[in-house]
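Chemist: Sharing a structure with you now.
Since every read-out is calculated from the coordinates, none of them should be taken as a lab result. Everything numeric in this text was worked out from a predicted model, so none of it was measured. Quick reminder, even Gly has a Cβ in these numbers, built from the backbone with ideal geometry, and neighbours come from all protein chains shown.
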């Protein structure tokens, strides 16, 4: 089973409510597609900010799982996002993550977000995930 | 019609897909409730990061509309969020925003996020919105 | 010896090149003064951004040392700063830090920066420090 | 006169207290060297955080001036920096900026920071500058 298949199955099982689709993962990187429909739009015919934040967060999570294996309790500790251009209302959002660091307890990555087919970034994010030590229980995960 | 009612009606009309509820607005501040149910949870019995990001973004938007009036094309340019503690899975997220600055073109605010009824912050965000000049059309809004 | 005296002596010994002065520390908070002279100014008669970043970083460091004791290898992992208003060229910068979280491995705080005597913030920062485990050597400190 | 020479002369005249050296500018990018000596170090034999923040801020400023010309009142509105690895105490910091957006009123760029000669980033920053309208006076610059 490839990493891509394994991560897709993990997400389908544990995040069934997420609409993001993993397109690629590996080499400390990942690409995620966030489908854009009525629920993702906001006034002015553009994609809402939280949809892009969710895409960035998911791309980071997938890139990290691709690098360290399935560690479900890996959690975001910080996300910073800059919105650069108005996304197209009729195109999916593509989030392309590249990891900048994988440490023992923290991983950091940057994410470029695009309207599919347009080479200009619509947003750019940088985020940090905390990687739990082996044996961490859910109750501990946000306490680090 | 109070500002609270006016903003609620504006959001119901233009963001019908948003599940956030405006609880308070005024004095350069706002409080927003994000209901937590199955769709808002993630593994480990906790609220997903994007739900908290959406709550922070909405609280900022509402506080700014409360201060400058209904300017729909006001858009987020930057959001930074730190996740501090594990939110309760069975409580709504309350996002309390306080504006730090309302300039002619940029507004900045900070948001403390709580699990309802618990005084310890689960997350803290700071965000910037760009306020369009009068006469700005939707196509211009992200170009600033 | 009070915490204030102890931290001042620690800084004088280990950061002799820092010009910041610790004014208060305790209760998960700290206030630091950054003297403003020719070296701290930039065109337009205002304080340079890096001086305010240094003040914010130092206020965070001092607040954390006040809470956990003198742990020299505690290092910044993330700092986010928003510049809000033009600082006065003839007043010191006062940085007031309040900690939002002190975990086992991460501490997070926010910092409001003022021109001395003016109640309007000139900048606002949020930062994260990584707290090393007992026994960490300098070579490990940035590897987390 | 090349852009590089012009920007160096502008910085030498208006920021004589800055120790950063512009190495390259153009194509929406810039590289800045921050010399590392006693004043730039901190306990553990590493470069202090504020030195890296100053390098990131200067690289952004130079890249923007290279793209829009010498506009002195262009000011930082937001800077986010992640510290990734321990920099070498005996090497200069090299800050490599690439602009992500140049709008009419806001410019955004990302900066990778290195210890000279080492290909692994020691830090990564993203920042926003506000570009004043023609005719803006110093007193207005931070009011946007």
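Chemist: Given a 10 angstrom Cα cut-off, can you work out which residue in B:87, B:43, B:72 is the most mobile in a GNM of chain B?
Modeler: Residue with maximal mean-square fluctuation among B:87, B:43, B:72: B:43.
Chemist: How far, in whole Å, is the closest Cβ of chain C from the axis that maps C onto B, and which residue does it belong to?
Modeler: Here the value is C:80, 2.
Chemist: Starting from a label point 7 Å past Cα on the Cβ side, list the distances from residue D:8 to the same position in the other copies, nm, shortest first.
Modeler: For residue D:8, the other copies' label points sit at 4.5, 5.4, 6.5 nm, shortest first.
Chemist: Please identify, among D:119, D:134, D:50, the residue showing maximal mean-square fluctuation in a Gaussian network model of chain D using a 10 angstrom Cα cutoff.
Modeler: Checking each option, the largest mean-square fluctuation is seen for D:134.
Chemist: Taking chain D as a Gaussian network, Cα atoms linked when under 10 Å apart, which of D:26, D:109, D:117 shows the biggest mean-square fluctuation?
Modeler: D:117
Chemist: I need to check one value: relative contact order of chain C, counting alpha carbon pairs closer than 8 Å and at least 6 residues apart, in percent.
Modeler: Answer for chain C is 24 percent.
Chemist: Round to the nearest 0.05 the FRET efficiency obtained for residue D:27 and residue D:116 when R0 = 25 Å and r is the Cβ-Cβ distance.
Modeler: Values: r = 21 Å, r/R0 = 0.86.
With a Förster radius of 25 Å, E is 0.70.
Chemist: In peptide D:115-128, what is the residue-averaged number of other protein chain Cβ atoms found within 10 Å of each Cβ?
Modeler: Across D:115-128, the average partner-chain Cβ count within 10 Å equals 3.
Chemist: Return the Rg/Rh ratio of segment D:52-110 with Cα-based radii and a Kirkwood Rh. If you can, show how the numbers build up before the last one.
Modeler: Details: Rg = 12.7 Å, Rh = 12.6 Å.
Across segment D:52-110, the Cα-based Rg/Rh ratio is 1.01.
Chemist: Based on DSSP H runs of at least 4 residues, each adding -39500 (n - 2.57), what is the mean residue ellipticity at 222 nm of chain A after dividing by all its residues, to the nearest 500 deg cm²/dmol?
Modeler: -7500 deg cm²/dmol
Chemist: Mind checking the mean number of beta-carbon atoms from other chains within 10 Å of the Cβ atoms in D:101-108?
Modeler: That works out to 6 on average.
Chemist: Something else: Starting from the Kirkwood radius over alpha-carbon pairs of segment B:1-91, derive D by Stokes-Einstein at 25 °C in a medium of 0.890 mPa s and give it in µm² s⁻¹.
Modeler: Estimated diffusion coefficient is 174 µm²/s.
Chemist: Rounded, prolate or oblate, given the Cα gyration tensor of segment D:22-144, with a/c below 1.5 counting as rounded?
Modeler: prolate
Chemist: Taking a label point 7 Å out from Cα toward Cβ, give me the nm distances from residue A:103 to the same spot in the other copies, shortest first, one decimal.
Modeler: Output for residue A:103: 1.2, 3.2, 3.2 nm, nearest copy listed first.
Chemist: Gap in Å between the Cα centre of segment D:47-109 and the Cα centre of segment A:51-120?
Modeler: Result: 22 Å between the Cα centres.
Chemist: Kindly put D:131, D:64, A:70 in sequence by how many other C-beta atoms sit within 10 Å of each C-beta, fewest to most.
Modeler: A:70, D:131, D:64
Chemist: In nm, what does the list of distances from residue B:39 to its counterparts in the other copies look like, shortest first, when each label sits 7 Å along Cα to Cβ?
Modeler: For residue B:39, the inter-copy label distances come out at 0.5, 5.6, 5.7 nm.
Chemist: Cα gyration tensor of the protein assembly as shown, axes a ≥ b ≥ c as square roots of the eigenvalues: rounded (a/c below 1.5), prolate (a/b > b/c) or oblate?
Modeler: rounded
Chemist: Can you say what percent of the DSSP beta bridges in segment A:44-144, counting only those with both residues inside, are antiparallel? Round to 5.
Modeler: 100 percent
Chemist: Just tell me how shielded A:14-21 is by partners: mean number of partner chain Cβ atoms within 10 Å of each residue's Cβ, no decimals. Could the numbers behind the result be given before it?
Modeler: On the way: counts 3, 4, 2, 7, 4, 0, 1, 0.
Going residue by residue through A:14-21 and averaging, the value is 3.
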